[in-house]
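The values are calculated or read from the model by the stated rules, or taken from the named source; none is laboratory data. What you see is a predicted model; the values in this text were computed from it and never measured. With ideal geometry, Cβ positions are generated from the backbone for all residues, glycine too; neighbour counts draw on all protein chains shown. The accessibility values were calculated without ligands, DNA or RNA, using every heavy atom of the protein model including side chains. Shrake-Rupley method; radii C 1.70, N 1.55, O 1.52, S 1.80 Å.
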Amino acid sequence: IPATMMEDSGTKSGGYTPEQVAERTLGEVCRACGYDGIITYSFYSPAGWDMIRLPENDPKRDAIRILNPLGEDTSVMRTTALPSMLEMLASNYSHRTLDVRLFEMATEYIPVEGQQLPYEPVRLTMGMYGDCDFFTIKGSIETILENLGIADYDFVPVKDDPTYHPGRCAELVIDGDAIGRFGEIHPLVSERYELDARSYAARLDVEKLFAHYNPDREYTPLPKFPAAQRDIAVVCD
């Protein structure tokens with residue numbers, strides 16, 4: 001059978017879209033920072049909102065309910081992936097895993113008024129405990145921003161989020177756009193998940209990160225001469 005091209009199709013070279021490149025970069029950077037990728041269910045129990053101390057009037061409590069759930073624990077589509085991440089941290093802790101770093105590209109399901117289908121944003125969720133602190137997860141986020149080519153950003157302290165410790169929580173802001181929050185999990189939340197170790201989590205809006213993604217890279221040549229730690233000038237007679 002002779003090889004022929006399909007008629008009227010034209011030829012296109014394969015490749016990744018900029019969004020796909022950025023998403024793959026996110027995964028590569030997280031793995032390089034020592035995080036293990038996980039996949040959790042897109043539905044969970046409404047009790048998860050109480051576990052992370054979500055206020056009663058928080059819009060995240062407005063979720064899509066499943067008509068024929070297997071049980072109360074899988075009855076709503078998640079509107080925030082933090083309960084899923086904390087459940088995984090708690091599961092690892094119960095198995096006496098001493099040092100854990102996890103990440104997930106988690107899809108959330110936000111109801112849209114007047115539409116049958118929800119808005120499905122992807123959030124980068126990260127969680128850790130063990131040999132780490134607030135600056136560890138902050139450094140991981142800075143590494144992600146560096147690899148996405150994002151240089152202009154700020155970290156704004158947050159003290160009124162009930163899920164996080166009031167003195168160890170911050171919001172990532174890029175050009176005035178709030179990307180997500182990260183910090184130490186509030187002790188009351190950790191207690192509810194039976195996490196006796198200090199744990200840290202982050203939840204970032206992947207779509208907003210991609211909006212600021214800069215694929216261009218600047219090349220800096222290596223120095224022509226070896227580095228000099230000391231430069232001594234001596235004047236002699």
Scan region 21-67 for residues that are of a type in the set (A, V, I, L, M, F, W, C), open to solvent by less than 30 Å² (accessible area, probe 1.4 Å) and touching a Lys or Arg at 6+ places or on another chain (Cβ under 8 Å) and jot them down. 49, 54, 63
Provide a single number: the residues in region 105-116 that are in a strand (DSSP E or B) and open to solvent by 10 Å² or more (accessible area, probe 1.4 Å). 3
Limited to region 178-204, what total is found for residues that are in contact with an Asp or Glu (Cβ under 9 Å, 6 or more places away or on another chain) and under 29 Å from residue 151 (Cα atoms)? 10
For region 87-104, which residues satisfy the criterion of being in contact (Cβ under 8 Å) with a residue 12 or more places away in the chain and either among the charged types (D, E, K, R) or in a strand (DSSP E or B) (or both)? 87, 99, 100, 101, 102, 103, 104
Within region 117-137, restricting to residues that are closer than 22 Å to residue 155 by Cα and hydrophobic (A, V, I, L, M, F, W, C), the one that is most open to solvent (accessible area, probe 1.4 Å) is 135
Mind counting the residues in region 42-78 that are outside any loop (DSSP other than H, G, I, E, B), of a type in the set (Ser, Thr, Tyr) and farther than 23 Å from residue 115 by Cβ? 1
Kindly indicate whether residue 84 is free of Cβ contacts under 8 Å to residues at least 40 places away in the same chain, of a type in the set (Ser, Thr, Tyr) and in contact with a Gly (Cβ under 9 Å, 6 or more places away or on another chain). no
Could you list all residues from region 33-66 that are free of Cβ contacts under 8 Å to residues at least 24 places away in the same chain and farther than 22 Å from residue 190 by Cβ? 57, 59, 65, 66
Collect the residues in region 68-95 that are over 18 Å from residue 191 (Cβ atoms), open to solvent by 50 Å² or more (accessible area, probe 1.4 Å) and at pLDDT 95 or above, keeping them in residue-number order. 95
Evaluation of residue 21 against (1) in a helix (DSSP H, G or I); (2) in contact with a strand residue (DSSP E or B) (Cβ under 8 Å, 6 or more places away or on another chain) (one fails), failing number: (2)
By residue number, the members of region 116-139 that are farther than 11 Å from residue 201 by Cα, polar (S, T, N, Q) and touching a helix residue (DSSP H, G or I) at 6+ places or on another chain (Cβ under 8 Å) are none
